[in-house]
Amino acid sequence: MNIYILLFDDFRTLDVFGPVDVFGEVEEFTLHYCSVAEGLIYSSHHVPIMTTAMPSILPPDSIIFIPGGMGTRSLVHDQLFITFLTQIIPQASYCLTVCTGSALVAKTGLLEGKVVTSNKNAWSWVTSINSRVHWQHHARWCVDGRFYTSSGVSAGIDMALGFVSDLYGQERAVKIANLMEYVWNSEPDNDPFCKAL
């Protein structure tokens, strides 16, 4: 399966590289670092990544991965970008988002009627993007059909492990978590950070 990691300037670094550390251990996955226009993209921590152009037509069994970060604040108003998402996401077998990446997908209307979560620190802003989405405040990550959405930053790692578990079994996800020396929060409804906000 091809995972297309859709990057933009000012994405949150861990939103991407936490899940990538999980996906990189799955031999069935091929990772592609993409952007709409290709070229050098910088995270909010000034990490540079050279990207290729996101294909307009996806091969079968593709996955789209969309991180969050401060870059989502302007992109949610970029009509060309939102139109591109509207056209490309339906081609994917799965669409995974971390943090405020769900705001971008919500803007397309593709999440309407879906159970979705996002970063609790940006909750008011994200949920204002589309009131027809069933936003879940008390969730580490949510699954609704082919959409996987996660809460803030490190929650993307938990979601990525959950995604691997759903596709290939919990034993494989646990093995990856142990390899990473990561304590996996394997309960999607258990989000300790929403209690503190």
Leading residue by the ranking (surrounded by the most Cβ atoms within 10 Å (Cβ to Cβ)) among those in the range 81-104 that are among the small types (Gly, Ala, Ser) and closer than 23 Å to Met70 by Cβ: Ser102
The range 27-77 - residue that is over 18 Å from the mean Cα position of the chain (by Cα) and of a type in the set (Ser, Thr, Tyr) and, of those, modelled with the highest pLDDT: Thr52
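How many residues are in contact with a Pro (Cβ under 7 Å, 6 or more places away or on another chain) and of a type in the set (A, V, I, L, M) if we restrict to the range 160-197?
First, the residues of the range 160-197 that are in contact with a Pro (Cβ under 7 Å, 6 or more places away or on another chain): 160, 162.
Now narrow it down to the ones that are of a type in the set (A, V, I, L, M): 160.
The qualifying residues number 1.
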Criterion violated by Asp61 - all others in (1) among the acidic types (Asp, Glu); (2) within 23 Å of Asp189 (Cβ to Cβ); (3) touching a residue at least 60 places away in the same chain (Cβ under 8 Å) satisfied: (2)
Condition check for Ser165: touching a Lys or Arg at 6+ places or on another chain (Cβ under 6 Å) and among the small types (Gly, Ala, Ser): no
Matching residues in the range 114-146 - criterion: being crowded, with 19+ Cβ neighbours inside 10 Å, closer than 16 Å to Val76 by Cα, without any contact (Cβ under 8 Å) to a residue 40 or more places away in the chain and not hydrophobic (A, V, I, L, M, F, W, C): Asn130
Residue check, Met54 over 21 Å from Val143 (Cα atoms), out of contact with any Lys or Arg (no Cβ under 7 Å at 6 or more places or on another chain) and buried (at least 20 other Cβ atoms within 10 Å of the Cβ): yes
Close pairs (6 angstrom Cβ cut-off, 6 or more residues apart or separate chains): free of Cβ contacts under 8 Å to residues at least 40 places away in the same chain in the range 65-85, of a type in the set (D, E, K, R) and outside any loop (DSSP other than H, G, I, E, B) anywhere: Ile82/Lys107
Any chance Leu161 is assigned to a helix (DSSP H, G or I) and buried (at least 19 other Cβ atoms within 10 Å of the Cβ): yes
The range 88-130, residues that are part of a loop (DSSP other than H, G, I, E, B) and either closer than 22 Å to Gly18 by Cα or touching a Phe, Trp or Tyr at 6+ places or on another chain (Cβ under 7 Å) (or both): Ala92, Ser93, Val98, Cys99, Thr100, Leu111, Lys114, Thr117, Ser118, Asn119
Count - residues of the range 1-41 that are in contact (Cβ under 8 Å) with a residue 12 or more places away in the chain, small (Gly, Ala, Ser) and closer than 15 Å to Ile176 by Cβ: 1
Ser150 being in contact with a Leu (Cβ under 9 Å, 6 or more places away or on another chain), buried (at least 23 other Cβ atoms within 10 Å of the Cβ) and modelled with pLDDT of 95 or more: yes
In the range 8-31, residue surrounded by the most Cβ atoms within 10 Å (Cβ to Cβ) [restricted to those that are of a type outside the set (Asp, Glu) and closer than 16 Å to Val76 by Cβ]: Phe11
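The values are calculated or read from the model by the stated rules, or taken from the named source; none is laboratory data. Values in this document were obtained by computation on a predicted structure and should not be read as measured data. No Cβ is skipped: glycine too gets one built from the backbone with ideal geometry, and neighbour counts run over all protein chains shown.
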